[in-house]
Protein chains: 2
Amino acid sequence: MKPLILITNDDGVAAKGLRVLDEIALKFADVIVMAPEYNASGASHSITSTRPLRVREVKNSDGLKVYACDGTPADCVKLAVEHFCPRQPDLVLSGINHGSNSSINVLYSGTMAAAIEASALGMTGVGISLLNHNPEADFSGCVLHVEKIIGQLLAHPIPQGIALNINIPRLDADNIKGIHICHAAQARWTDSFERRTDPQGRPYWWLTGKFERIDNDPESDENRLADGYISIVPILPDFTHYPSIDKLRWLEQ
Amino acid sequence: MKPLILITNDDGVAAKGLRVLDEIALKFADVIVMAPEYNASGASHSITSTRPLRVREVKNSDGLKVYACDGTPADCVKLAVEHFCPRQPDLVLSGINHGSNSSINVLYSGTMAAAIEASALGMTGVGISLLNHNPEADFSGCVLHVEKIIGQLLAHPIPQGIALNINIPRLDADNIKGIHICHAAQARWTDSFERRTDPQGRPYWWLTGKFERIDNDPESDENRLADGYISIVPILPDFTHYPSIDKLRWLEQ
């Protein structure tokens, strides 16, 4: 039997990066897509509990079924696996995201939340992002690399419960130097809101922000990407900082 | 100078748990509250980038300023620290949440996202949750415990970049056995969507779900809570699973 790949994203069902990923996945597997109706960038791991979800069939052809859902990326994974996949997918892919999800961005990313949700549910969840925010981004540089990685992941299992955060530099295929397995760089977004005044004189605030590195570790994803490598960070959705447990015992008093 | 405490939550500015926390914090500090206008449970670390934010002043009295914002809990922290706090808060508290944020729930929680955002910005971020979902929950059992913890946190610094995830069992104050610093239990939410049919015969799906433990570690937050203890999990917003890095080197080929 052919493998089954579930695909979602956070840029929405109409995004170019999603279509690129469909086409690559179809070379290996039957493909089911369940993606948000609209752009859900910055949705993080939000889920929809105050209203029910609706699903729209976009395409139903040989080997490829595409659905749009009015929920979040994490909703899409839960709903698709439970109600729209004939069996558990062999791989859950999220992307290809228009823009980076390296470092601290993984916190805010709907793309990575979908991959993490898949791994929490016992599947292999993989988020893939290109360092190019443009809606018309050129994905040609990353296609062969993504194809190779998907082939490897279908052939070899990765540790149970682990998701992968794959980021791809904005380079031609030949200029991508290779792949590095690495850890997330420490960083933060600062100077986040710009205050403006509307025509009635009332204030409003627009999200903006400056990406600020805390470390400069050459083995971090940020540094590997800057050096021209694809970065792959293994992700476990456990925020516990184990080294701090013993340092905080005084709070037990 | 009095300390400054910033408070937010994900249940919204009108939630009872928020008022309880304000009152406790006022015993120690000047307090600024910036909370979502509406219930943002399940908002996770989502941020608002496709529209600007508005802010409504709810209360401005001696020592206590309360604002409502039409953004997410993470938005509230970023915006309040940058534009509404006269100086960097000494402590950022989020809650008291109506319902548990133990274990995997931290992924979905807007309450914990706010605490994590504060720690990413270099402050001490603390999420506090009571294991009682009821909007009219009785917080009397936890008030003295929360007061004691806030006093300790103002007196002693915790490791830089670490947030705390505090969960409190639904017990009378005298029946709470103490505090344990511990790690998050491994768990997942399964059987997530219930399919229904609307009066026009069209399907829709409601989020539901069953909490399913993966481990049964006596030192996990779930077990400590079941034993009658307050659980405190130190949190670092780095999802990297370091032990998996070397196990995945084959992907570099």
Practice task
Name the single residue, out of those in the stretch B:80-108 being crowded, with 24+ Cβ neighbours inside 10 Å and more than 12 Å from chain A (Cβ to nearest Cβ), that is nearest to B:PRO135 (Cα to Cα).
Solution key: B:HIS98
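Residue by residue through the stretch B:182-210, note down the ones that are part of a strand (DSSP E or B), under 30 Å from A:HIS241 (Cβ atoms) and polar (S, T, N, Q). Before you say what the answer is, go through the steps one by one.
The first filter runs over the stretch B:182-210 and keeps only residues part of a strand (DSSP E or B), leaving B:183, B:187-190, B:193-197, B:203-207, B:210.
Remaining after also requiring under 30 Å from A:HIS241 (Cβ atoms): B:183, B:187-190, B:207, B:210.
Result: B:THR190, single match.
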Fill in the blank from the handout: If we keep only residues of the stretch B:25-56 that are surrounded by fewer than 18 Cβ atoms within 10 Å (Cβ to Cβ) and polar (S, T, N, Q), then the residue nearest to the other protein chains (Cβ to nearest Cβ) is B:SER49
Completion exercise
Among A:VAL13, A:VAL20, the single one that is closer than 16 Å to A:ASN60 by Cβ and at pLDDT 95 or above is A:VAL13
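Taking the stretch B:162-181 as the search range and keeping residues that are among the hydrophobic types (A, V, I, L, M, F, W, C) and part of a loop (DSSP other than H, G, I, E, B), which one is nearest to the other protein chains (Cβ to nearest Cβ)?
Quick first cut of the stretch B:162-181, residues among the hydrophobic types (A, V, I, L, M, F, W, C) only: B:162-164, B:166, B:168, B:171, B:173, B:176, B:179, B:181.
After this cut, where a residue has to be part of a loop (DSSP other than H, G, I, E, B) as well, the list is B:162, B:171, B:176.
Details: B:ILE162: 5, B:LEU171: 17, B:ILE176: 13 Å.
In this case the residue turns out to be B:ILE162.
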Fill in the blank from the handout: (1) within 30 Å of B:TYR229 (Cα to Cα); (2) out of contact with any helix residue (DSSP H, G or I) (no Cβ under 7 Å at 6 or more places or on another chain); (3) free of Cβ contacts under 8 Å to residues at least 60 places away in the same chain all hold for B:HIS83 apart from (1)
Exercise for the section: Please indicate, with yes or no, whether at least one residue in the stretch A:239-246 is at the interface with chain B (Cβ under 8 Å from one of its Cβ atoms) and touching a residue at least 40 places away in the same chain (Cβ under 8 Å). Expected result: no
Problem - Unmet requirement for A:PRO73, which otherwise passes all of (1) in contact with a Ser or Thr (Cβ under 6 Å, 6 or more places away or on another chain); (2) at positive phi - result: (2)
Handout entry: Failed condition for A:THR8, given (1) free of Cβ contacts under 8 Å to residues at least 60 places away in the same chain; (2) under 12 Å from A:ALA114 (Cβ atoms)
Key = (1)
Handout entry: In the stretch A:194-206, residue nearest to the other protein chains (Cβ to nearest Cβ) [restricted to those that are out of contact with any Phe, Trp or Tyr (no Cβ under 8 Å at 6 or more places or on another chain) and surrounded by fewer than 11 Cβ atoms within 10 Å (Cβ to Cβ)]
Key = A:ARG202
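Within the stretch A:57-79, can one find any residue that is more than 7 Å from chain B (Cβ to nearest Cβ), among the aliphatic types (A, V, I, L, M), closer than 15 Å to B:TYR108 by Cβ and touching a residue at least 24 places away in the same chain (Cβ under 8 Å)?
The initial filter retains those residues of the stretch A:57-79 that are more than 7 Å from chain B (Cβ to nearest Cβ), namely A:57-77.
From what is left, the residues that are among the aliphatic types (A, V, I, L, M) are A:58, A:64, A:66, A:68, A:74, A:77.
Filter again for closer than 15 Å to B:TYR108 by Cβ, leaving A:74, A:77.
Still in the running and touching a residue at least 24 places away in the same chain (Cβ under 8 Å): A:74, A:77.
Yes, some residue in the stretch A:57-79 is more than 7 Å from chain B (Cβ to nearest Cβ), among the aliphatic types (A, V, I, L, M), closer than 15 Å to B:TYR108 by Cβ and touching a residue at least 24 places away in the same chain (Cβ under 8 Å).
In the stretch B:207-238, which residues are among the hydrophobic types (A, V, I, L, M, F, W, C) and either within 30 Å of A:GLN253 (Cα to Cα) or touching a residue at least 24 places away in the same chain (Cβ under 8 Å) (or both)?
Pass one, the stretch B:207-238, residues among the hydrophobic types (A, V, I, L, M, F, W, C): B:207, B:211, B:214, B:225-226, B:230, B:232-233, B:235-236.
Listed by number, the residues that qualify are B:PHE211, B:ILE214, B:LEU225, B:ALA226, B:ILE230, B:ILE232, B:VAL233, B:ILE235, B:LEU236.
Quick one: would you say B:ARG188 is charged (D, E, K, R), touching a Gly at 6+ places or on another chain (Cβ under 8 Å) and more than 8 Å from chain A (Cβ to nearest Cβ)?
Numbers: charged (D, E, K, R): yes; touching a Gly at 6+ places or on another chain (Cβ under 8 Å): yes; more than 8 Å from chain A (Cβ to nearest Cβ): no.
Taking the combined requirement at face value, the residue does not satisfy it.
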Practice task
Test A:GLY209 against the stated conditions and say whether it is loosely packed, with under 14 Cβ neighbours inside 10 Å and among the small types (Gly, Ala, Ser).
Solution key: no
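Among the residues of the stretch B:211-231 satisfying the criterion of being assigned to a strand (DSSP E or B) and either out of contact with any His (no Cβ under 7 Å at 6 or more places or on another chain) or more than 10 Å from chain A (Cβ to nearest Cβ) (or both), which is modelled with the highest pLDDT? Even if it seems obvious, please write down each step before you answer.
Residues of the stretch B:211-231 assigned to a strand (DSSP E or B): B:211-213, B:220, B:229-231.
Going one step further and asking which of them are either out of contact with any His (no Cβ under 7 Å at 6 or more places or on another chain) or more than 10 Å from chain A (Cβ to nearest Cβ) (or both), we end up with B:211-213, B:231.
Working: B:PHE211: 93, B:GLU212: 93, B:ARG213: 93, B:SER231: 97.
Among those that are assigned to a strand (DSSP E or B) and either out of contact with any His (no Cβ under 7 Å at 6 or more places or on another chain) or more than 10 Å from chain A (Cβ to nearest Cβ) (or both), it is B:SER231.
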Problem - All positions within the stretch B:109-157 that are touching a residue at least 12 places away in the same chain (Cβ under 8 Å), surrounded by fewer than 20 Cβ atoms within 10 Å (Cβ to Cβ), within 14 Å of chain A (Cβ to nearest Cβ) and not in a helix (DSSP H, G or I) - result: B:GLY122, B:HIS133, B:PRO135, B:PRO157
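The values are calculated or read from the model by the stated rules, or taken from the named source; none is laboratory data. Everything numeric in this text was worked out from a predicted model, so none of it was measured. Cβ atoms come from the backbone with ideal geometry, glycine included; neighbour counts cover every protein chain shown.
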